[in-house]
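First the structure, in the form of structure tokens, and then the observations on it.
The values are calculated or read from the model by the stated rules, or taken from the named source; none is laboratory data. Predicted model only: the values in this text are computed from it and were never measured. Neighbour counts run over all protein chains shown; Cβ positions are idealised from the backbone, glycine included. Calculation scope for accessible area: heavy atoms of the full protein, side chains included, ligands and nucleic acids excluded. Shrake-Rupley method; radii C 1.70, N 1.55, O 1.52, S 1.80 Å.
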Amino acid sequence: MLVSATEMLQKAKAGHYAVGQFNINNLEWTKAILLTAQELNSPVILGVSEGAGKYMGGYDVVVGMVNGMLKDLKITVPVALHLDHGTYDGCYKCLEAGFSSIMFDGSHYPIEENVAKTTELVAAAHARGVSIEAEVGAIGGEEDGVIGMGECADPKECKAIADLGIDFLAAGIGNIHGKYPANWKGLSFETLDAIQALTGEMPLVLHGGTGIPADMIKKAITLGVAKINVNTECQLSFAAATRKYVEEGKDLQGKGYDPRKLLAPGFEAIKATVKEKMELFGSVDKA
Ligand code: 13P
């Protein structure tokens, strides 16, 4: 059964580790992430952007697929199904469809409007036992057409949003979705420190987990980050493994074109990436 992400993230913050949110795109992604979490006895959050939800056929398809896998694959570790960077309407759709966690990304609204919409969605989510993440300070880069500038959040605005009863907070600290440019300045630990000082126990979320060096990840966890989002890195490892299979001509040998064979190396590559991240984040054996 899907669970809200609140308890797993409160435990992570108290225990000084982070739970990975791995974004899903299809059945292979979902199965690879769930099986790895089960093998490593780690809690996990499946992230679904609005674009990925649409790609998979809709939120009911996603909920049906994930619930079916939890049952048939006998997944017993805590799993949350989370809307990533949700719009106001998207949040309501996912609450209806049976997601166990949502993110309302109101970071592009003026703070007053972000506060008003977040307040309303907190009540709607909590009435269903669903956890809710909010965002302050746009995350840089591009994801599903949403373009952020990579600004650092204002700690006072973080405190204002955290006080609305949300369960975890995404705050921009110079992080960027996708690959980091060579001239990236790194995470602003000064900002993170100031945000944690004002928001206390609130689990903090680090978006743009792809390509952040291990030492920065570890430091961010010591400063209150309890959820780390990874998307692009699984896409890169899937693509590289699939490319290798095709370039070696394996799809042309025997029944190598069978999708169960063609997609197998990419599937294994996602598993390896997820394992590496769970080990780095410290969530192994924390289920
Ligand atoms: P990356 O694609 O950079 O890993 O970011 C993922 C993310 O933050 C999803 O919200």
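Quick notes on this structure:
- Test result for Lys286, open to solvent by less than 30 Å² (accessible area, probe 1.4 Å) and closer than 17 Å to Leu46 by Cα: no
- Residue, most open to solvent (accessible area, probe 1.4 Å), within the stretch 79-92, restricted to residues that are in contact with a Ser or Thr (Cβ under 9 Å, 6 or more places away or on another chain) and not hydrophobic (A, V, I, L, M, F, W, C): His85
- Condition met for Ile195 (open to solvent by less than 10 Å² (accessible area, probe 1.4 Å) and more than 13 Å from the ligand (Cβ to nearest atom)): yes
- Whether a residue is touching a residue at least 40 places away in the same chain (Cβ under 8 Å) and buried (at least 20 other Cβ atoms within 10 Å of the Cβ) was assessed, and Gln10 does not pass this test.
- Matching option when the condition is under 20 Å from Pro203 (Cβ atoms) and open to solvent by 70 Å² or more (accessible area, probe 1.4 Å), among His108, His126: His126
- Subset of the stretch 34-51 (residues that are crowded, with 20+ Cβ neighbours inside 10 Å, under 22 Å from Ile132 (Cβ atoms) and out of contact with any Pro (no Cβ under 8 Å at 6 or more places or on another chain)): Ile45, Leu46, Gly47, Val48, Ser49, Glu50
- The one condition in (1) free of Cβ contacts under 8 Å to residues at least 12 places away in the same chain; (2) assigned to a helix (DSSP H, G or I); (3) touching a helix residue (DSSP H, G or I) at 6+ places or on another chain (Cβ under 8 Å) that Arg260 fails to fulfil: (3)
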